[in-house]
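Taken together, the values in this text are just the output of simple stated rules run on the coordinates, not laboratory data. In this text, all values refer to a predicted model and were calculated from it rather than measured experimentally. Here the Cβ positions follow ideal geometry from the backbone for every residue, glycine too, while neighbour counts run over all protein chains shown.
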Amino acid sequence: QWIWEEFRVSVSEQTLSREVRAMGYRKLAARPKHHAQDPQAIEDFKKVSPPQWQKSPPEQRKENG
């Protein structure tokens, strides 16, 4: 829906995913939270570790044969 609202382009999720992946990007998902994690330690870590976007290396295509 965001793509439609922003660019007035209709595209399926599968097509968008395939094209974004072809450009070298990957979907990252957070891991589940542990029941005993320390919220203060998490905040301290976030302060010294700014988020960064980076491109994944290109995929090696396997030839059929």
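Net charge in the neighbourhood of Gly24 (other residues with Cβ under 10 Å of its Cβ; Lys, Arg +1, Asp, Glu -1) is +2. If R0 is taken as 25 Å, the Cβ-Cβ distance between Glu6 and Glu59 corresponds to a FRET efficiency of 0.35.
According to the Kirkwood relation over distinct C-alpha pairs, the hydrodynamic radius of the chain is 16.0 Å. Remark: spin-label model distance Ala29-Ala41 equals 2.5 nm, labels positioned 7 Å along the Cα→Cβ axis.
Take each peptide in 27-36, 3-12, count the other Cβ atoms within 10 Å of every residue, and average; sorted highest first, the result is 3-12, 27-36. Helical runs (DSSP H, four residues minimum) scored at -39500 (n - 2.57) apiece and divided by the length of the chain put the mean residue ellipticity at 222 nm at -11000 deg cm²/dmol. Site pair Ser17 and Gln52 shows an inter-label distance of 2.9 nm when each label is modelled 7 Å from Cα along Cα→Cβ.
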